[in-house]
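Peer 1: Following this message is one structure expressed as structure tokens.
What follows is calculated from the coordinates using simple rules that are stated; it is not laboratory data. None of these values were measured; they are calculated from a predicted model. Note that we place each Cβ from the backbone using ideal geometry, even for glycine, and neighbour counts take in every protein chain shown.
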Amino acid sequence: MQDNLKQEIENLVQGALQNVHTCIPGTIVSFNAGKCLAVVTPSGQFKTPAGKLLSYPQVHDVPVVLIQSSGQDVTVACPIEPGDGCLLFFSEQQLDRFRDGEDAKCDLRFDLTNAIAVMGLFRGANSVIKEACDKNAVIIDNKGARLVLGDGKLLVDCDLEVTGKVTAQQAIEATGSISTQGEVTATGVISSGMDVVGGGVSLKTHPHTVTGEVTDSMGVTCPVSGTAEPPG
């Protein structure tokens, strides 16, 4: 009698726990970027009361966690595509009020419909993660275009387009050409080991016409007119 009661209690607890979900890996089916909601398929299977194993159904209107703060004025966003991995957490309360501002129509605790997705969970690592660990660096990589922050410097391995002001406290060095469509203003010396060309005219080879007067050491002033050739 006592053994039967114990078994009944265990069955009752196990049955109740079948509907209590905590967290599980999932796969993105689709993503609504305008609402930050996704359709997600949880991984794995569940057992019916009859003992049959079935795959989990798709979960709709799943809020997706991305890095946001300051009232969403500060955001770190990345594209979310079908097939991307995520980790699903299941809230102890329904998400109706969070999603729509409406009161919950029923009290489903830890239900599949209470899922929240945290992006970034994949079955295996990739080469970028290994490189970041090997170099002890932070790497942001988008199909080969990358930023690498490590060892006191930032490496930019892609074309760089800046729409704002660039201020440098120290020297700017470049091994390639620098071109601009605006004005260049300098308050210091502009030096060139080769030549300076303006309007197609070479500062190194362009002759200069001299006209005026020259006063010698005796105080005698003479008119001067001629062409001064560049040295060398």
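Peer 1: Tell me, what is the percent relative contact order of the chain, built from C-alpha pairs under 8 Å that lie six or more residues apart? Don't skip to the end; give the middle numbers.
Peer 2: Values: 296 pairs, mean separation 27.2, N = 232.
Relative contact order for the chain comes out at 12 percent.
Peer 1: Arranged from highest to lowest average of other beta-carbon atoms within 10 Å per residue, in what order do the peptides 44-54, 82-92 appear?
Peer 2: Values: 44-54: 9.0, 82-92: 16.6.
Peptide ranking by packing, descending: 82-92, 44-54.
Peer 1: Net charge near Asp157, counting Lys/Arg +1 and Asp/Glu -1 over other residues with Cβ under 14 Å of its Cβ?
Peer 2: Values: positive: Lys135, Lys143, Arg146, Lys153; negative: Glu131, Asp141, Asp159.
My count for the surroundings of Asp157 gives +1.
Peer 1: Oh, and also: Please compute one quarter of the surface area of the Cα convex hull for region 125-164 and express it in square nanometres. Before the final figure, lay out each step's value.
Peer 2: Details: hull surface 13.6 nm².
Spelled out: convex hull of the Cα atoms, projected over all directions, averaged, 3.4 nm².
Peer 1: Based on the Cβ-Cβ distance of Lys47 and Phe89, what FRET efficiency does E = 1/(1 + (r/R0)^6) give at R0 = 25 Å, to the nearest 0.05? List each step's numbers first, then the result.
Peer 2: Details: r = 22 Å, r/R0 = 0.87.
With R0 = 25 Å, the Cβ-Cβ based efficiency is 0.70.
Peer 1: So for the chain, if I pair up every lysine 8 or more residues apart or on another chain, how many of those pairs have alpha-carbons under 21 Å apart?
Peer 2: Here the count comes out as 5.
Peer 1: Would you mind putting 134-146, 67-79, 181-193 in packing order, based on average other-beta-carbon counts within 10 Å, highest first?
Peer 2: Details: 134-146: 11.8, 67-79: 9.1, 181-193: 5.5.
Result, highest mean Cβ count within 10 Å first: 134-146, 67-79, 181-193.
Peer 1: Pull out the extension gain between Ser30 and Leu108, defined as 0.36 nm times the separation in residues minus the alpha carbon to alpha carbon distance; nm, one decimal.
Peer 2: Values: separation 78, 0.36 × 78 = 28.08 nm, distance 2.45 nm.
Between Ser30 and Leu108, full extension yields an extra 25.6 nm.
Peer 1: Let me ask something else. State, to one decimal in nm, how far the label point of Asp96 lies from the label point of Ser179, with both points 7 Å from Cα in the Cβ direction.
Peer 2: 6.2
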